[in-house]
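The values are calculated or read from the model by the stated rules, or taken from the named source; none is laboratory data. Everything quoted here is computed from the prediction, not taken from an experiment. Note that we place each Cβ from the backbone using ideal geometry, even for glycine, and neighbour counts take in every protein chain shown. Side chains included, ligands, DNA and RNA excluded: accessible areas come from the protein's heavy atoms. Shrake-Rupley method; radii C 1.70, N 1.55, O 1.52, S 1.80 Å.
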Amino acid sequence: MKLTEDEKKALSVAIDRMNEGLDSFIEFYNESEEDKQLIEFADETTAVIEKAVQIYGKEEVTAKINTIIREVLSFLPNKKD
């Protein structure tokens, strides 16, 4: 393939940009962690949560659920190994 000097420069710049993009993808991949679900909600619970999110918004529902779970789990006895 024959290229002019300007075409070679443009192609070189494009290759450099592609390599930078690839490096970014590799960095994201290397820094990624597996998303593990702590608990699984029953279908009925998920439906109720989805409805609450529609009505009150995600932030409000998230805050309430976190408060409830913290409060409920605070009553669990300390398990000693």
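Could you tell me how many degrees, from 0 to 90 and to the nearest 10, lie between the Cα long axis of helix 58-73 and the main elongation axis, the longest principal axis, of the Cα atoms of the chain? So the inclination is approximately 50 degrees. Axis angle, to the nearest 10 degrees, between helix 43-56 and the longest C-alpha principal axis of the chain: 80 degrees. Taking Cα atoms only, the orientation of helix 5-31 departs from the longest principal axis of the chain by about 20 degrees. Of the solvent-accessible surface of the chain, computed with a 1.4 Å probe over protein heavy atoms with every protein chain present, carbon and sulfur atoms account for 56 percent. According to the Kirkwood relation over distinct C-alpha pairs, the hydrodynamic radius of the chain is 18.5 Å. With all protein chains kept in place, the per residue accessible area of the chain amounts to 104 square angstrom at a probe of 1.4 angstrom. The label-point distance for LEU22 and PHE41, in a model that sets each label 7 Å from Cα toward Cβ, rounds to 4.2 nm.
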